[in-house]
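Input: a single structure, listed below in structure tokens.
What follows is calculated from the coordinates using simple rules that are stated; it is not laboratory data. Everything quoted here is computed from the prediction, not taken from an experiment. Ideal geometry is used to build each Cβ from the backbone, glycine not excepted, and the neighbour counts take in all protein chains shown.
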Amino acid sequence: MNSKAHPWNIIWRIALLLADMLFFAYALHQHQWYVSTAVSGLLIPLLSIGLVYAVNRHRRELRDFLLSIQQQDYQAYYKAQSGEPTGRSDLDDAFHLIVRELQNVRIDKEAHYHHLRGVVEHLETGIISYKADGSIHLINQSVCRMLNIPQLARFDELENYHPHLYRHLTGLKSGERKAVHLSLADQTLNLALRSSSFKLQNHHFHLVSLQDIRSELEAREVESWQMLIRTLRHEIMNSATPISSLTQAARDSLEEMLRHRDQLPSRWDQEMDDLHLSLQTIHTRTQGLLRFVHHYRKITSLPEPQFEAVDLRELANHVLHLLSHQIRQQKIHLQRKMSPQTPTVYADFDQIQQVVINILLNAIDAVSNCQHPSLSLHLDLNQQKRPCLRVTDNGPGMDAETQQKIFVPFYTTRENGSGIGLSLARQIMKKHQGEIRVHSSPGKGTSIDLIFQPA
């Protein structure tokens, strides 16, 4: 019914009720009008109820509309896609307009939520938001990938997987930051933890973030070593080069004098021989120092990689062929397993080949004193679906302190090692957006993983 006709609907109902009441009063004073009196009398309450119903119609419609908003059920108020008024009442058209605005608000809210969710999932930083009762409100995939855990429903479930990390997270105060070292089955993480608290819709929430800063720490460490080595090389070159030149000139002059030693006093013979030997020693040691500086120049002058599609299986087989003589000579049992599902990577073939050679040479040296030396080379996808080349030996292994030092320039556990192989390997892997990880225990051998970015 059109809202403009609603007042007339009330008026004619009132008029009809009054007319019926007048007729009922008149019928009461007539003899033998029993049926008319009864019918008119019964119509009075019926017409009254109809009048009350008509008067309360808008109130009922408003109540139903508000209840539908509370229950978010707008099915009864959907309009045609054309958006034209329904024509039933102005109030009904207003309801439809309000429903349309509510629908737009709801769509915008869901769009913002999905956008925020997409942003959170895009972050490499792990995010966990949970309520005061421990139920998780939001957790992104970065947390699951980083900690190698499934989706959690409650925050305290994290204690089942990483109790050490759980204790640190629950001990964080709002606004506090902390760095934590976490060892997993196949990797080691240096996590920067941060916590904050907030209140939303009468609910208290805790928000914690986990960021793996190991790559940043390694990059800064490499940069610091490069700066130190560059400075040392500069100072040594500035001092050693003129010393080498002067000693060479002095040695040449002395040799010229020694060729005419028969013309010199005999008392000078011994002194000149000693002086010649001293100059020879200075020159030799200076040349050795210059060679040393030139040798370690590789650490600070690593060329940019020339990227191309590289089949890691082909590269690994090529390196094994190059080292096959040493492997056979030491009677090392070699096991190789290369998955055909390993994808191609973009890398500098020569640089990655040098990395694999260094890793294998270290492994060969590690098993040199073993009774039954063995090496294994496995190529497959790791748990993060990244290509991983793992070299494992059954050598003496390393303790935690040694593992922290093996990437430090000049540090070596090999008798004739230079101390730059693993440091250079880590720099190369960093330039390839990859990682190098070490797993070792004393008496249980060593495994080194080379992890690449898939093409």
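Couple of notes before you dig in:
- Ranked LYS131, LYS173, criterion: other C-beta atoms within 10 Å, fewest first: LYS173, LYS131
- Prolate/oblate/rounded call for region 123-212, Cα gyration tensor, a/c under 1.5 rounded: prolate
- Across LYS331/LYS430; LYS331/LYS385; LYS131/LYS178; LYS337/LYS385; LYS337/LYS431, pairs whose alpha-carbon gap is larger than 29 Å: LYS331/LYS430; LYS331/LYS385
- Potential lengthening of the chain between LEU46 and ILE98 amounts to 15.2 nm, from the contour at 0.36 nm per residue minus the alpha-carbon distance.
- Note that region 449-455 has calculated 3J(HN,Hα) couplings of 9, 10, 10, 10, 8, x, 5 Hz, one per residue in order, obtained from phi through the Karplus relation 6.51 cos²θ - 1.76 cosθ + 1.60 (θ = phi - 60°); glycine and proline are x.
- Region 308-451 - Rg over Rh from alpha carbon coordinates, Kirkwood radius: 0.94
- Net charge of Cβ neighbours under 13 Å - reference LEU43; Lys, Arg +1; Asp, Glu -1: 0
- Sorting 428-440, 199-211 by average packing, meaning the other beta carbons within 10 Å per residue, from highest down gives 428-440, 199-211.
- Modelled spin-label separation between SER196 and GLN403, with each label point placed 7 Å from Cα along the Cα-to-Cβ direction: 3.5 nm.
- Between GLN30 and ILE10, the modelled labels are 3.3 nm apart [label points 7 Å from Cα along Cα→Cβ].
- Charge tally around LYS178: other residues with Cβ under 15 Å, Lys/Arg +1 each, Asp/Glu -1 each, net +2.
- Label-to-label distance for ASP108 and LYS178 is 4.2 nm, based on points extended 7 Å past Cα in the beta-carbon direction.
- For SER374, neighbours were defined as the other residues whose beta-carbon sits under 15 Å from its Cβ, and their charges (Lys and Arg +1, Asp and Glu -1) total +4.
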